[in-house]
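First up is the structure itself, then whatever we jot down about it.
The values are calculated or read from the model by the stated rules, or taken from the named source; none is laboratory data. Being a predicted model, the structure only gives us computed values, none of them experimental. So basically every Cβ, Gly included, is an ideal-geometry build from the backbone, and we count neighbours across all protein chains shown. For accessibility, only protein heavy atoms count, side chains too; no ligands or nucleic acids. Shrake-Rupley method; radii C 1.70, N 1.55, O 1.52, S 1.80 Å.
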Amino acid sequence: MSTTRARKPTQPRITYVVIVKTGEVSIAVYGPYRSFKRAEGDAKAWDGTVEPMNKPSDH
């Protein structure tokens, strides 16, 4: 008798990017960050915003 464990359904890992407005019509995008706190710290330092970015799934 086999004791195979059922795998937990994995949720897609959310990654974040920091968007900084560098001019009238230009932006800079930094990332990806796995940690929201780290992205938030950089966004505050660079006067930017944090946006979630979903990775495309491998399916």
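Of the solvent-accessible surface of the chain, computed with a 1.4 Å probe over protein heavy atoms with every protein chain present, carbon and sulfur atoms account for 51 percent.
Here Arg38 and Gln11 are evaluated by their C-beta separation; at R0 = 30 Å the FRET efficiency comes out at 0.90. Directionally averaged projected area (the chain, Cα convex hull): 5.9 nm².
Protection proxy ranking, highest mean first, for peptides 24-33, 43-52: 43-52, 24-33, where packing is the per-residue count of other beta-carbon atoms within 10 Å, averaged. The long axis of helix 36-46 is offset from the longest Cα principal axis of the chain by roughly 10 degrees. Taken along the Cα-to-beta-carbon direction at a fixed 7 Å, the label points for Ala28 and Thr49 span 1.9 nm.
For the chain, the solvent-accessible area of protein heavy atoms averages 96 Å² per residue (probe radius 1.4 Å; ligands and nucleic acids excluded).
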